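Throughout, read-outs are computed from the coordinates displayed, never taken from laboratory work. If you're wondering where the values come from, they're calculated on a predicted model, not measured in any experiment. Using ideal geometry, Cβ is built from the backbone for each residue, glycine included, and neighbour counts are taken over all protein chains shown.
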Amino acid sequence: MDTTYWGRNFGVVLFMDVATHRVLHFRFIYRKERIEDYLAGIAYLKRQGIRVSGVISDGLSGLRKALAPIPYQYCQFHQTQRIRQLLTNHPKHPASIALKEIGLQLTQSDKKQFAGLLAQWHEQWKAYLEEKTFSENGASFIYTHRRLRAAYFSLTRHLDILYTYQCFPELGLPNTNNALESLNASLKTKLRLHRGISRERKQRLIQAVIIAYNPCPINES
């Protein structure tokens with residue numbers, strides 16, 4: 001499940017079956033996504049007799065806890081994107097280069113292997129990671145390598161949910177939301193060709209694209 005936006009105050013929340021890539025449900029929102037949007041969608045699916053065995057998402061804060069005990073997989077593609085955003089495509093310092101290389105091994109490792117790589121990196125660079133400098137106003141110390149710290153702690157914070165798909169092999173969970181991202185990209189492309197149309201027409205166009213992508217009966221709210 002995922003949400004894609006057009007501007008700050010209009011988006012669509014999508015729920016897709018990972019086995020068939022069929023859109024099971026979608027709902028329009030007129031603000032930033034909230035946990036209750038996903039809970040409402042899950043509740044709707046359950047009312048339709050659909051058993052929700054697991055979830056793949058991009059890590060909205062608090063969502064994993066709200067969905068417990070449903071197994072929750074954090075999309076590995078979104079995680080690697082986050083690391084690239086923080087470290088850039090061409091980091092210069094050896095610590096950043098090494099951490100970026102570890103991030104690239106995310107999809108090729110299991111949890112134990114990846115945790116070991118992170119532990120080795122931290123052992124080598126922990127002093128560098130803790131370096132501080134004066135803030136611009138000189139009133140306090142701040143961490144010098146804040147983007148590197150953010151990248152490292154993003155990986156360690158999400159470690160328990162980056163490999164959920166390996167913990168529940170019987171569920172057939174993928175490690176990414178790529179199938180849903182493909183639909184999101186199609187929606188973005190179609191609406192880019194119709195810039196300037198009203199919100200109501202956007203909604204009709206989005207619904208038409210989803211139905212064309214997924215000709216089976218679907219529901220929206």
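Past the 29 Å Cα-Cα mark, which pairs from LYS46/LYS111; LYS32/LYS188; LYS100/LYS132; LYS46/LYS190? LYS46/LYS111; LYS46/LYS190, as the Cα separations exceed 29 Å there.
Modelled this way, with points 7 Å down the Cα-to-C-beta line, the labels at GLU131 and SER53 are 4.9 nm from one another. Among SER198, SER109, SER57, the largest mean-square fluctuation in a Gaussian network model of the chain, built with springs joining Cα atoms closer than 10 Å, belongs to SER198.
The fewest-to-most ranking of VAL52, VAL23 by surrounding Cβ atoms within 10 Å reads VAL52, VAL23.
Above 20 Å, the calculated P(r) of the stretch 89-160 contains 34 percent of its Cα-Cα pairs.
Computed over the stretch 25-167, the P(r) curve from all C-alpha pair distances, binned at 5 Å from the origin, holds 2, 8, 16, 17, 15, 13, 11, 9, 6, 3, 1, 0, 0 percent per bin. Loop-resident trypsin sites (Lys or Arg not before Pro) (DSSP state other than H, G, I, E or B) in the stretch 148-206 with no more than 15 further Cβ atoms inside 10 Å of their Cβ: ARG195. Dimensions of the stretch 31-97 along the principal axes, based on C-alpha atoms and rounded to the nearest Å, stand at 52, 27, 17, largest first.
Between the helical axis of 199-213 and the dominant principal axis of the chain, each derived from Cα atoms, what acute angle in degrees is found, rounded to the nearest 10? So the helix axis and the longest Cα principal axis differ by about 90 degrees. Residues THR164, THR156, THR80, arranged from fewest to most other Cβ atoms within 10 angstrom of their Cβ, appear as THR156, THR80, THR164.
Computed extension length for GLU200-GLU170: 6.6 nm, one decimal, from 0.36 nm per residue of separation with the Cα-Cα distance subtracted.
Were the residues from ASN9 through GLN113 laid out at 0.36 nm apart, the gain over their Cα-Cα distance would be 33.3 nm. Relative to the longest principal Cα axis of the chain, at what angle does helix 146-162 sit, 0 to 90 degrees, rounded to 10? Approximately 50 degrees, to the nearest 10. Taking the C-alpha atoms only, the angle from helix 111-129 to the longest principal axis of the chain is near 50 degrees.
Placing pseudo-labels 7 Å out from each Cα toward the beta carbon at ILE142 and ILE70 gives an inter-label distance of 3.9 nm.
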